[in-house]
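Report on the following structure.
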Amino acid sequence: MLSLVVFLPLAAAIVLAVLPQLPDAAARWAWVAVTAVEAVLVAALWAAFEAPGDGGVAFEEQVAWIPTVGSSYHVGVDGLSLPLLALTAVVFLGCAVYAVREQDRPRPQAALFLFLQTSCLGVFAAQDLILFFLFFDLSIVGMYFVIAGWGHGNAAASALKFFLYTFLGSLALLLGFIGLYLASEPRTFDMVELAAAAPLDGSPVAGGLVLGAILLGLAIKTPTFPFHTWLPPAHTDAPAIGSAVLAGILLKLGTYGFVRIAMPMLPEAWRDWAWVIIVVGIVSVLYGALVALAQTDLKRMIAYTSVNHMGYVVLAVGAAGVAGGTDAQAREVAVTGALTQMVSHGLITAALFLLAGVLRARAGTYDMGSFGGIAAVAPRFAVLFAVVAFASLGLPGFSGFIAEFQIFAGVIGTVPWTALALPGILVTAALFLLATQRLLTGPVRGKAADVTDLRSPELLSIGPLLLLSLLIGIFPRPLLDLVEPAAAAVVELVGR
Amino acid sequence: MDAGMSMDADFAALLPEMIVLAGAITALLAGSFLPRTRQGLTRLIAITALAGGAVSAAAGLSGTVRTVFEGSFAIDTPTTVARLVICSATLLVVCLGADELGGTPRESETYALMLLSALGAMVMAGTNDLLILAVAYLLASIPLYALIGMGRSPGAAEAALKTYLLGAFLGIALLLGATILYSLAGASAYDQLRAGLVDAPAGAVAAGLVGVLAGIAFKAGAVPGHFWVPDAAQGAGVAVAAFLTTVPKIGALVAAYRLLTTIPVTVDAALLIAVLAAASMTIGNFAAFSQTDVRRLLGWSTVSQAGYLLLPVAVVGTSALALPSLLFYLGAYAVSNLGAFAVVAATGEHELGRYRGLGRRRPWLAGVLVVCLLSLVGTPPTVVFVGKLTTFTAGWDGGVAWLVVVAALNTAASLFYYLRWLAPVFRPAERGPDAVAPGPTLRRWPATVAVIAGIVVLMGGVGAGAAWPALEGALAGV
């Protein structure tokens with residue numbers, strides 16, 4: 001079942017790729033249909049999910065792959081990965097709907113995104129480090145072709161920078177994985193076994209080096225300060241749906257790696273270096289917010305708010321590693337917040353990037369100075385943009401609030417001086433309000449006159465993303481019921 | 001002694017070598033009786049011989065590990081795998097060159113020389129004796145000089161001369177090194193070297209090792225014997241370029257592995273190999289950055305790949321993964337490299353810029369190019385990824401973690417030039433006055449080879465686990 005969920009998009013991608021005679025419309029609708037089926041399948045997984053105890057995984061499948069190096073095709077789902085699988089299905093469905101009127105080579109584009117969907121689902125389902133790495137790398141390859149093939153502006157250079165930078169990160173990750181493998185006894189790449197064994201506990205130097213390699217890889221992907229420089233150009237030049245997937249899903253691969261790999265497998269090293277992670281988190285929060293405030297390009301601004309929002313996640317997982325005297329409950333709250341933030345940020349940022357894409361499709365620019373008074377000409381766009389801006393700045397009632405509230409409640413309860421990151425929230429609020437004001441209010445100005453209102457594919461793709469964010473904001477229980485036990489397990493693993 | 005000789009002289013054990021030799025001679029003879037421009041029959045002979053060599057090599061997969069001819073030739077897993085890979089790779093080369101060479105006046109000679117050079121590589125891989133290594137070196141090299149010069153262009157002449165001078169020079173170094181080791185141990189057979197070198201002065205052993213390794217580096221296209229590779233890859237025909245960047249390497253690296261097992265711990269051979277490996281990958285990568293001719297780019301890429309291939313050689317005896325990972329990487333590299341060359345042969349285009357729009361014109365070839373180049377980078381799930389994963393693991397396990405880090409950094413850097421080739425492939429073709437005129441028509445044979453190679457590159461990574469047990473085996477005569 002799980003393998004079907006992971007590989008169905010790939011199968012569809014292959015079919016689309018080898019049928020050059022397929023009419024464009026058929027390709028577009030096939031893409032929508034497959035992603036819709038995927039969403040249904042993931043919903044079925046969620047409905048059938050029963051939390052496995054003792055670090056196990058549900059829907060487990062394991063087939064020998066390279067037995068001599070202890071690597072197998074091993075997939076499974078738990079409370080950490082299921083919300084992200086669901087997020088992946090939702091965001092890709094949104095992208096497929098958004099692109100239903102795409103004119104630029106729709107068939108290869110659909111194939112590429114379906115390929116990308118398999119690689120993202122695969123990362124979240126993988127329970128073997130080599131399998132994880134395989135999907136992780138394929139997601140980079142897929143995104144490279146998305147940016148290089150369908151981007152605009154200086155797309156080739158941005159795509160190259162993205163590929164080189166994140167590929168370097170993935171190799172650091174691979175070195176870390178090899179280190180874990182060589183330390184384990186018997187040697188294995190299996191994530192469940194490695195998390196149970198924590199093979200490098202008791203060797204602080206080797207543990208620190210391996211954690212360093214893994215953190216470098218994940219920090220580039222997340223991205224955190226100072227490894228974020230690939231992100232703004234990649235986003236600026238990517239197509240709208242590419243940006244939505246990049247920010248909504250691919251960034252989560254990094255933060256997911258923290259909770260899935262770094263924390264459970266290297267608990268001692270994580271505790272030793274927790275303060276570094278906290279500092280990196282705080283700097284990312286503040287730096288991301290301040291740089292975003294200074295942007296005039298809407299997409300660059302959103303890109304930097306991603307650095308800010310991912311900074312909260314890093315801060316929370318760092319604080320979870322601070323042991324000694326503090327109560328585990330606060331740390332659990334922080335990790336729960338981090339996991340919620342991943343889902344929340346995925347939904348909201350994907351919506352933001354799709355809206356930014358609408359602006360570019362109509363007026364050919366992301367420059368915020370070129371617009372003014374959009375509310376008068378495009379009321380539906382204005383409403384959605386305002387809503388998503390408020391959701392992103394963490395207004396109560398939306399998922400972002402639930403996430404950030406828990407993160408701060410947890411981390412300040414654990415490490416009081418992390419309150420230093422609080423101004424990040426204020427700056428983010430200010431910049432979103434400013435952007436909303438500049439774009440939407442006042443007399444119709446500049447290119448705003450060209451902005452025709454949202455068409456139904458746009459409305460039907462962006463709307464549901466926001467609706468989900470709102471649902472999580474008002475009824476967080478279904479998500480939290482899933483995430484809390486997983487967060488508690490992570491905190492327990494990292495605290496042993 | 002006499003009884004031992006007769007028991008040892010097991011010609012049946014050398015069946016693959018003999019089939020290839022017979023193929024070379026038959027092709028040459030048949031060529032001299034056929035009209036100059038209608039030598040297609042010799043291609044068939046070469047293909048039959050290589051397929052026969054590969055099949056008879058594969059038959060040896062389950063055989064017992066032993067040495068023949070007084071311990072001078074090993075019949076074991078590395079020999080078997082090297083035979084299999086060399087025969088299959090040469091077979092692919094002959095097929096991918098079918099359109100390029102077909103109907104040319106020197107078709108039969110080309111095949112005969114390729115077969116002889118492949119035979120030299122097979123003997124290099126299998127031998128357990130320094131003197132036979134020297135002979136195999138010559139057998140692998142001399143046909144190569146002729147093959148490179150066969151193109152008859154100024155570039156080919158220069159490349160042939162360069163290869164010849166470097167090959168002769170490093171061949172002398174090999175002989176000199178062999179002489180030193182022989183004089184220290186009193187014998188040239190590896191088992192006697194192993195016993196005799198233990199008490200020999202470390203400095204002298206190191207000098208001898210450096211000499212022999214210099215010769216092997218020439219065949220492997222590794223630093224310091226790498227200068228000829230890019231020139232030859234660019235100057236020679238595409239099929240010959242594919243051959244010379246792939247086949248000699250296989251023999252040379254297995255030979256290096258065998259040689260290293262004889263060196264006593266008094267000499268830090270691992271460090272020497274590690275330094276050569278680091279230099280190869282780094283120099284190859286940096287030189288490849290600015291190339292605009294794809295053959296030259298692949299030529300430099302092969303130098304860097306030789307560096308990765310030396311990584312498991314540096315941990316001979318200290319990691320159980322060293323030998324299987326080396327053998328796997330050799331096969332993986334061969335098919336990926338040949339796939340890329342097959343695309344070059346199929347399109348007939350040599351300039352990077354001319355690949356613009358290939359994705360539209362020839363989607364299948366573009367797909368193969370993506371798969372093969374990403375494989376050379378080491379992206380999963382391609383074959384070279386499994387090779388890199390296992391060689392990195394072996395290297396770290398064997399105590400050269402710093403070299404693994406260097407290799408990882410180089411891998412990231414190598415992405416840059418492979419992408420320089422891939423990026424234009426998917427850009428729309430230019431229109432207007434600057435538009436590139438459509439290239440030569442598609443060549444069938446190399447296109448088929450390319451697609452086969454692309455499929456093997458993908459399947460090989462997924463099926464690596466199935467192939468792995470066949471790579472694990474003891475060295476004969478150790």
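The values are calculated or read from the model by the stated rules, or taken from the named source; none is laboratory data. Model, not experiment: these values are computed from the prediction. Note that we place each Cβ from the backbone using ideal geometry, even for glycine, and neighbour counts take in every protein chain shown. Note: areas computed on protein heavy atoms with side chains; ligands, DNA, RNA excluded. Shrake-Rupley method; radii C 1.70, N 1.55, O 1.52, S 1.80 Å.
For the reader, a short list of remarks on this structure follows.
- If you go through the stretch A:12-56 and keep only what is under 30 Å from B:Gly387 (Cα atoms) and crowded, with 19+ Cβ neighbours inside 10 Å, you end up with A:Ala12, A:Ala13.
- Among the residues listed as A:Val123, A:Val97, the single one being more than 14 Å from chain B (Cβ to nearest Cβ) and either at negative phi or open to solvent by less than 10 Å² (accessible area, probe 1.4 Å) (or both): A:Val97
- The lone criterion from (1) facing chain A (nearest Cβ under 10 Å); (2) open to solvent by less than 10 Å² (accessible area, probe 1.4 Å) left unmet by B:Thr391 is number (1).
- Within the stretch B:460-478, the set of residues being away from chain A (no Cβ under 13 Å), open to solvent by 20 Å² or more (accessible area, probe 1.4 Å) and over 21 Å from the mean Cα position of the chain (by Cα) comprises B:Ala474, B:Gly477, B:Val478.
- Per-region count, the stretch A:7-58, residues in a loop (DSSP other than H, G, I, E, B), of a type outside the set (D, E, K, R) and under 30 Å from A:Val491 (Cβ atoms): 7
- Looking at A:Ser392, A:Ser399, A:Ser370, just one residue is in contact (Cβ under 8 Å) with a residue 12 or more places away in the chain, in contact with a Phe, Trp or Tyr (Cβ under 8 Å, 6 or more places away or on another chain) and either aliphatic (A, V, I, L, M) or open to solvent by less than 30 Å² (accessible area, probe 1.4 Å) (or both), and that residue is A:Ser392.
- Filter pass, A:Ala159 being in contact (Cβ under 8 Å) with a residue 12 or more places away in the chain and surrounded by fewer than 24 Cβ atoms within 10 Å (Cβ to Cβ): no
- Counting only helices (runs of 4 or more DSSP H) wholly contained in the stretch B:1-80, the ones carrying 1 or more residues that are modelled with pLDDT of 85 or more and open to solvent by 50 Å² or more (accessible area, probe 1.4 Å) occupy B:15-33, B:40-59.
- Selection of first residues in the stretch A:57-72 that are within 23 Å of B:Ala467 (Cβ to Cβ) and free of Cβ contacts under 8 Å to residues at least 60 places away in the same chain and of second residues that are polar (S, T, N, Q) and open to solvent by 30 Å² or more (accessible area, probe 1.4 Å), restricted to Cβ pairs under 8 Å at least 6 apart or on distinct chains, gives an empty result.
- Condition check for A:Tyr165: more than 7 Å from chain B (Cβ to nearest Cβ) and in contact (Cβ under 8 Å) with a residue 24 or more places away in the chain: yes
- Count of the stretch A:371-408 residues which are within 22 Å of A:Glu458 (Cα to Cα), in a helix (DSSP H, G or I) and within 20 Å of the chain's Cα centre (by Cα): 6
- Those residues of the stretch B:223-237 which are over 15 Å from the mean Cα position of the chain (by Cα) and open to solvent by less than 10 Å² (accessible area, probe 1.4 Å), in sequence order: B:Ala236
- Among the candidates B:Leu323, B:Leu352, B:Leu330, the residue that is more than 14 Å from every other protein chain (Cβ to nearest Cβ) and either open to solvent by 10 Å² or more (accessible area, probe 1.4 Å) or among the aliphatic types (A, V, I, L, M) (or both) is uniquely B:Leu330.
- When restricted to residues that are more than 30 Å from A:Ile178 (Cβ to Cβ) and either assigned to a loop (DSSP other than H, G, I, E, B) or over 13 Å from the mean Cα position of the chain (by Cα) (or both), the stretch A:76-111 contains 19.
Here's the yes/no breakdown for (1) in a helix (DSSP H, G or I); (2) at pLDDT below 90; (3) over 13 Å from A:Val314 (Cα atoms):
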{"site": "A:Leu218", "(1), (2), (3)": "yes, no, no"}
{"site": "A:Phe225", "(1), (2), (3)": "no, yes, no"}
{"site": "A:Gly248", "(1), (2), (3)": "yes, no, yes"}
{"site": "A:Val259", "(1), (2), (3)": "yes, no, no"}
{"site": "A:Pro264", "(1), (2), (3)": "yes, no, yes"}
{"site": "A:Trp275", "(1), (2), (3)": "yes, no, no"}
{"site": "A:Ser284", "(1), (2), (3)": "yes, no, no"}
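- Any hit, the stretch A:201-214, residues being surrounded by 21 or more Cβ atoms within 10 Å (Cβ to Cβ), of a type outside the set (Phe, Trp, Tyr), facing another protein chain (nearest Cβ under 10 Å) and not in a loop (DSSP other than H, G, I, E, B): yes
- Qualifying position, being surrounded by 19 or more Cβ atoms within 10 Å (Cβ to Cβ), touching a Lys or Arg at 6+ places or on another chain (Cβ under 7 Å) and small (Gly, Ala, Ser), among B:Ala136, B:Ala140, B:Ala160, B:Ala156: B:Ala140
- Conditions (1) out of contact with any Cys (no Cβ under 8 Å at 6 or more places or on another chain); (2) in a helix (DSSP H, G or I); (3) not acidic (Asp, Glu); number of the one not met by A:Gly442: (2)
- Residue in the stretch A:143-152 that is buried (at least 24 other Cβ atoms within 10 Å of the Cβ), at the interface with chain B (Cβ under 7 Å from one of its Cβ atoms) and of a type in the set (Val, Ile, Thr) present: no
- Residue match in the stretch B:202-217 (condition: out of contact with any helix residue (DSSP H, G or I) (no Cβ under 7 Å at 6 or more places or on another chain), of a type in the set (Val, Ile, Thr) and surrounded by fewer than 24 Cβ atoms within 10 Å (Cβ to Cβ)): no
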